[in-house]
1. Among C173, A163, S84, pick out the residue whose Cα is farthest towards the positive end of the charge dipole of the chain, where Lys and Arg carry +1 and Asp and Glu carry -1 on C-beta, about the Cα centre.
2. Please give every one of the lysines within straight-line cross-link reach of K56, meaning a C-alpha to C-alpha distance under 27 Å, and leave out same-chain neighbours fewer than 8 residues apart.
3. Please report, largest first and rounded to whole Å, the three semi-axes of the ellipsoid equivalent to the chain, where each semi-axis is the square root of five times an eigenvalue of the C-alpha gyration tensor.
4. What is the sum of charges, Lys and Arg at +1 and Asp and Glu at -1, for the other residues whose Cβ falls under 11 Å from the Cβ of F186?
5. Return Y164, Y89 ranked ascending by Cβ neighbour count within 10 Å, so the fewest neighbours appear first.
6. Counting only helical runs of four or more DSSP H residues, what would the 222 nm mean residue ellipticity of the chain come to if each run contributes -39,500 (n - 2.57) and the total is spread over all its residues?
7. Return the lysines within reach of K189: Cα separation strictly under 16 angstrom, same-chain partners fewer than 8 residues apart disregarded; answer none if there are no such residues.
Amino acid sequence: MTRLILASQSPARTKLLTEAGIHHEVLVSDVDEDAVQARYGVTDPHDTALLLARAKAEAVAALPEAEGALVLGCDSVFEFDGESHGKPYTAAVARERMLRMSGSKGTLHTGHWLVDCRDTEADFDETDDAEDRETAEGTGATLGAVSSADVHFAEMSEVDIDAYIATGEPLHCAGSFTIDGLGGAFIRKVDGDPHAVVGLSISTLRELLSHANVGITELWQVDGQ
Ligand SMILES: Nc1nc2c(ncn2[C@@H]2O[C@H](COP(=O)(O)OP(=O)(O)OP(=O)(O)O)[C@@H](O)[C@H]2O)c(=O)[nH]1
């Protein structure tokens, strides 16, 4: 079976793949996101170059242990009111943002990057820089795509917001909300691929795999088979 490695710590992303029947391994590597940001320096929320760069950096960081596999990196950002929001991390940041998001809408963008290492003979250990690894002789197809969806929020009272933040859920989610968890109570509708909101568009993965001449059905692991 074709090996797919998800280079992400996100529990939601591996859950999405598992629920979609897609057999995969998880490989988490340390990526210096600030260094990636410094290399790109873009802060324009409409510019998805940084999003793809971070997704690529996640995938490339896993390459030394990915010989013979396909590697997928992802990164998500919430575009709201002319700003790019990642995870809030603190209650104060989450509260400030959610008070503004109440009754409004924003766009969740998820960048995906797939590297095909099935034919590589490269010895990635010889290179210690992500960019060098990426261009190391032998890496196969490397391709990125962004999937986005507009998220429309219900009016949220301060009591609702404080109760939601007290659960801790929004602190580690791009945009300070989930659509498939407790946060779903405040989501009026999603225009676009809801998987892109959660953090990994399975449909976009299908398209990326097709460029590597892999049909997504080849990765299906149906119970008992
Ligand atoms: N379950 C769920 N998680 C969400 C939702 N929106 C955003 N997230 C999560 O918010 C996180 C976005 O942060 P990222 O920096 O892209 O990813 P991460 O969790 O740090 O993991 P890495 O890929 O290792 O960087 C991801 O884990 C997403 O799955 C949602 O609607 N539902």
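None of the figures in this text is laboratory data; all of them are computed from the coordinates on show. Please read these numbers as outputs of a predicted model, since none were measured by experiment. So basically every Cβ, Gly included, is an ideal-geometry build from the backbone, and we count neighbours across all protein chains shown.
1. A163
2. Cα-Cα hits under 27 Å: K15, K87.
3. On the way: eigenvalues 206, 79, 40 Å².
Each semi-axis is √(5λ); the values are 32, 20, 14 Å.
4. Numbers: positive: R188; negative: E155, D160.
Charge balance in the 11 Å sphere: -1.
5. Y89, Y164
6. Result for the chain: -9000 deg cm²/dmol, rounded to the nearest 500.
7. K105
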